[in-house]
Structure formats: structure tokens, C-alpha cells
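Participant: Just passing along the structure, written as C-alpha cells.
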Amino acid sequence: MKYKSQKVAYWFFALSMLLLVLQMTYGFIMGFARFGFDNLHEFIPFNTARAVHTNLLVVWLLSGFMGAAYYIIPEEAQRELVNVKLAYVQLISLAIVGVVAVVGFHFNIWEGRKFLEIPRPLDYLVVVNVLLFLGLILTTLFKSKRRTTTSLVLSMGLLFAALLYLPGMLPFDSQVTDSFFRWWVVHLWVEGVWELIMGGILSFLLIKLTGVDREVIEKWLYVIVGLTFLSGVLGTGHHYYYIGVNKIWLVVGGIFSALEPLAFLAMALFAVNMYRKGEKKHPNKLALYWTLGSAILSFVGAGLLGFAHTLPQTNLYTHGTLVTAMHAHLAFWGAYAMIVLAIISYALPNLTGRKLYESSRGRAAFWLSNIGMIGMTVAFGVAGVAQVYLERKFKMDFMVVQKEISIHFVVLILCATMFTTGIVLYIIDFYKHGRPTDEALEINN
Amino acid sequence: MLSKKQARAFFLGGTLVTFLIFIGLTVYSLSAATDQTNRENLTAEVVRGKEIWESNNCMGCHTLLGEGGYYAPELTKVVDRLNQRYDGNGEQVIKSILMSKGPWQPNGRKMVAYGMTEAEATDVVAFFNWIGQIDLNGFGEVVGVDRKISPLSKDKINN
């Protein structure tokens, strides 16, 4: 750690960990409900559990991204954050918005729009919160003489993520138009600007961990985010195939979605090549595991599994089935959850001064959570493909099919247990690092 | 060899061009000339039905236009499907489920008892009817009464 104000990142990471645990808990509630154990239905019906599960994912990832920005920006800009107190205000308000939204979901207070369930009054608070965050980050950058590509790409991602939240707040009478603009937020976040954030964090970590020249890494960063936008923006079309808009999206979405894996492949090759080129042997191997793991699994989850069902001919049958859940789990895990866990693994020893990166617990956390998540993805995939054939091809009734495939959710729960064990070990490691301290200022990694 | 400046130009130029095309296609596909939703039939009833749909987060379990929670049935074309199953009484069946004060649990999977009024249930049915008439580029047939089957197996049947 080089600047005192970087310490605020620790508390954003801690909030992330707390919300991740809650997110997994609600995931278990849904998993059990799918094979008949829905005893909590009176208090937490499936739609509540689902809204909590997906919204907490968004909030914990955003909290992780914000923590990453508070850690990275001072180091890149070579100065303290402009106002640390306001950063804590922003943290507390983010936590309050998250908690109020989640509690509200249990009392039928929501918007009922997939992924954007947060009710309108809280949307405004989210906007204020994000504006405060952006104000702090951008002012810090503006006041610095040093503006690196890494910090610019990261900030650009965060700025566009905030701007793209707005189309989701527009009211429409038509379900089709509503859905159309909902994807402006969800798709352009996940397959657009969040990849800028991921790219920025990845680039920072590779510079620190491999020692490869910044100019080389940042040049390829531009190429990768360029490929991301080139394919991802028009790739939004794959959400428009079958929701009631013009057929032109079948062509445009089909072609550009097929290009989307290229951006992820480039990112994976980039990370592995930089690692091979690097002469610096950074002792924090765990951070390196998570960094390379993120680049590779995002290619598999977001790139390959996304491609597996975005061809219009395939999507005609897989649209609206568990095949989507298969892709979504590994994509979010690989691209975003792992990159947040990577920056935490890198930053924690520097913030606290405790170098726990040789622990077998940390390695077990990495392998258990990854193998668990891959198992969950396979379980969703098998259930999804069986659903497609039975329901869509053999015309069986939805609920009859759900009974047929319920066994796969037992497998899902088993794999989720392995995943959870990994995450719990990660959090134990987090806790063992202790609090951030000024004494860690002397440690420069 | 590619320079950093060229890489930046590729990123900024590519993003700008694709985003402009995206905006153009958005305007095109939402214009009245290419409408596939019968927007003239978007009555006050349908809009109220959509509000009820959203305020109860029905999408958290069901899917509509293929979007939702994958926990409960797809509701695009639901009126047609239930009409076929219940001798043309599809709308009545939906209303009775929505108005029920007791839980509805087909095959043991529970649905929240919403206890809606007749007027509310009628609005939701109007919303489903409007959704059911949208041209979904083939998806309507996949989830509708006459479900399409895989083109490959179709060939086999024909041969």
C-alpha cells in the first residue's frame, strides 16, 4: 500500500464478502425449492429468493469494483483520494440501499423487471451514490498529473456503467419496449462496460504481478476492450431475437454474438502470454491464480457457453430455459466474481501488512470454489438441455418436465456445497488478514 | 507492429461506429413501420395488467417472451394453451388462479396466493392476450399450442 486513503478499499471488499454469503444463502433456498423442499415459501417465495440472489450479485460485484477503484486509482494517479470521509459515506449509503432493497423484496416492494427489481425511489439513491463515487474517483484523477491507460479504462467503465443505468429507469407501457431498454442496461453492462472495468483491473494486476512493461500491457488492453465493444454492442441483438422486434436482429445479433467469444479469447491469451513473458516472480501466487483463472474461465463461461446458445437457430429452442442459467453462472463467476476475488487477494496483504499468500487454505479456496462452480454449470446445463428436448421438442408440460429434471438440482446442491466451502475458506483467509493499518504503508508491492 | 496509438484509435473508432449503428437499428426496430406488437391494441387494461405483472414480480418465477425465472411456466400464449386444455375456458382458469386465496401448487410447486379482485385478474388476462398476439419471429410457435419441433427431426418425419 502506498497511500493511506487506499484503506477504504478494505471496507468495500468486506461488504462484498458479506453480501456474497447472503447471495449464496438465497441460492440454496432456490436450489432446494426446485426439488420440492420449499418450506420457506410462506416467507421467502421463489421470486423473492431470486430477486435477492441476482440483485445481491450486482451489489457485491459493484462494491468489489468500487473497492478496486479506491485501491487502484490512488496508486495509478500517485496521490491520495481527494476525500476519504466521503468515500466512507458512499460505502455506508451503498450498504443501506442494498439492505433496504433486499428487505423490501420480502414485502412485495419491487419493480418486477428481471435484474432491475430495485424499486424506483431506491434507483434515485443508487444514482446519487454512484455519482458520489464517480466524483471522488474522477476528481482524484483530474487533480493528478499522471493519467494512465489502466486508470482511464477503469474510470471509463465505471462512468458508462452509471450512465447506462438510466435507460432502465425509463417507463414504457409496452412490455416489448420495456424489455428492449432493460437489455441496454443489463447486456451493455455485462457484455460491455463491465468488461472495461474487468480489463482495467486485469491490466493493473498483470502490471503488478508479472512485471511486464506497462506500455505493452496497456496497448493490448485497448485492443481487447476494442474487440469487446465491436462485438458486444451489436451483440445486444441476441436478446432481441424473440421478444417481438424486427427480424433484422436475428442477422445482426447472430453475427456479432458469434464474434463475442473473440474478445474473451483475446483476454485469456493476453493474460497467459503476459504471465509467460513476465520476469518478475511476485510472491503472491494466489492473486496470480485468481487473475489467470478469471481470464480463462470468462472465456469458457461468457465466451464459449454464451456462443453455445446465441445462434438464432439454437436460441429459438433454448430461449427461456435453464440453458441460460448455465451460461450465466459460469460467465458471472469467471468474468466478474473471480476478478474481484483476484484484486482482493492482491490488495489484502498490502493493506494489512500480513502476507498470508502461502497458505494451503487460500489454494483450497481457489480449487474448491472453481470445481464447485464448474459442477454447478454442468448440472444446470444437463437440466437445461433435457428441458429443451422434453418441453420444446416432445411438447411435454412444463411442470412434468420440471419433475423429470429435478434430480439435476440435487447434483447442483452438492456442487454448490463444494463451491460454498471454497468461498467460506476464502472469507476465513480474508478475516485472518486483520484490519488495514498505516504500518502497511512501508510495504510496496 | 501495432502501436498504442493505433490500438486506442481501434478502440474509440470501433466503439463509436458500432454504437451509432446500434442507435440506428434501435430507432428502426421501434418505429411504427416495423411494429410487430399491434401497439394499437395496447389498451388501458393491458397497461394495468403489465403494472400488476411487475408489481408482483411474476417474472421472478414465470417467463414471458422467454424472459424470467424458469421456475414456473412460460406465459406467452398461455391463454391459447389453457383454452386447448380446458375447452376454451383458458381465461377463466387464469382468473381463478389469480383470484384464489389459497395456494396453487401444480405438481407440488407452490405459487403465492395473490387473491386478486376480478378487475385485476381481468387486466392481467388482457395483458396476456396482448402478449399472445405479438409476432415473435417463430418463438410463439415454439411455446404455443402448435409447437414447432426441431427442423432436423421434422426432416426425419417427412422422410
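Participant: Consider the range A:310-360. How many of its residues are away from chain B (no Cβ under 14 Å), free of Cβ contacts under 8 Å to residues at least 60 places away in the same chain and under 30 Å from B:Leu136 (Cβ atoms)?
Facilitator: Matching residues across the range A:310-360 total 1.
Participant: To continue, here is another question. If you go through the range A:127-176 one residue at a time, how many are over 19 Å from B:Phe11 (Cα atoms), modelled with pLDDT under 90 and crowded, with 20+ Cβ neighbours inside 10 Å?
Facilitator: Qualifying residue count, the range A:127-176: 1.
Participant: While we're looking at this one, here's another question. Which residues, counting only those in the range B:51-89, are among the small types (Gly, Ala, Ser) and more than 9 Å from every other protein chain (Cβ to nearest Cβ)?
Facilitator: Listed by number, the list holds a single entry, B:Gly88.
Participant: Can you pull out the residues in the range B:20-46 that are crowded, with 16+ Cβ neighbours inside 10 Å and free of Cβ contacts under 8 Å to residues at least 24 places away in the same chain?
Facilitator: Step one: list which residues in the range B:20-46 are crowded, with 16+ Cβ neighbours inside 10 Å, which gives B:22, B:25-26, B:29-30, B:35-37, B:42, B:45-46.
Matches in the range B:20-46: B:Phe22, B:Leu25, B:Thr26, B:Ser29, B:Leu30, B:Asp35.
Participant: Which members of the range B:55-83 meet the condition of being farther than 15 Å from B:Phe127 by Cβ and outside any helix (DSSP H, G or I)?
Facilitator: B:Cys61, B:Gly66, B:Gly69, B:Tyr70, B:Tyr71, B:Ala72, B:Pro73
Participant: Still on this model: Under 7 Å between Cβ atoms, at least 6 apart or on separate chains: pull out the pairs that start in the range A:117-131 with a residue that is under 12 Å from A:Gly168 (Cα atoms) and end on any residue that is acidic (Asp, Glu) and modelled with pLDDT of 90 or more.
Facilitator: Correct list of pairs: A:Glu117/A:Glu111; A:Ile118/A:Glu111; A:Pro119/A:Glu111; A:Arg120/A:Glu111.
Participant: Read through the list (1) closer than 24 Å to A:Ala51 by Cα; (2) in contact (Cβ under 8 Å) with a residue 40 or more places away in the chain; (3) surrounded by fewer than 19 Cβ atoms within 10 Å (Cβ to Cβ), then give the number of the only condition that B:Ser55 fails.
Facilitator: The one condition B:Ser55 does not meet is (2).
Participant: Hey, another quick one. Checking the structure you have, find out if any residue of the range A:292-303 is touching a Ser or Thr at 6+ places or on another chain (Cβ under 8 Å) and either aliphatic (A, V, I, L, M) or within 14 Å of chain B (Cβ to nearest Cβ) (or both).
Facilitator: no
Participant: Ok, one more. Restricting attention to the range A:239-259, does a residue exist that is at pLDDT below 95, crowded, with 21+ Cβ neighbours inside 10 Å and small (Gly, Ala, Ser)?
Facilitator: No, that holds for no residue.
Participant: Identify all residues within the range B:84-119 that are in a helix (DSSP H, G or I), surrounded by 15 or more Cβ atoms within 10 Å (Cβ to Cβ) and at pLDDT below 95; write none if there are none.
Facilitator: Correct list: B:Pro106 only.
Participant: Please specify each residue of the range A:157-179 satisfying the condition of being among the hydroxyl-bearing types (Ser, Thr, Tyr) and farther than 14 Å from B:Leu64 by Cα.
Facilitator: Once the filter is applied, which keeps residues that are among the hydroxyl-bearing types (Ser, Thr, Tyr) and farther than 14 Å from B:Leu64 by Cα, the range A:157-179 yields only A:Tyr165.
Participant: A further question follows. Could you run through the range A:214-235 and say how many residues are without any contact (Cβ under 8 Å) to a residue 60 or more places away in the chain, among the β-branched types (Val, Ile, Thr) and within 7 Å of chain B (Cβ to nearest Cβ)?
Facilitator: Count: 2.
The values are calculated or read from the model by the stated rules, or taken from the named source; none is laboratory data. Note that the coordinates shown come from a computational prediction; the quantities given were computed from them, not determined experimentally. Note: ideal-geometry Cβ built from the backbone for every residue, glycine included; neighbour counts use all protein chains shown.
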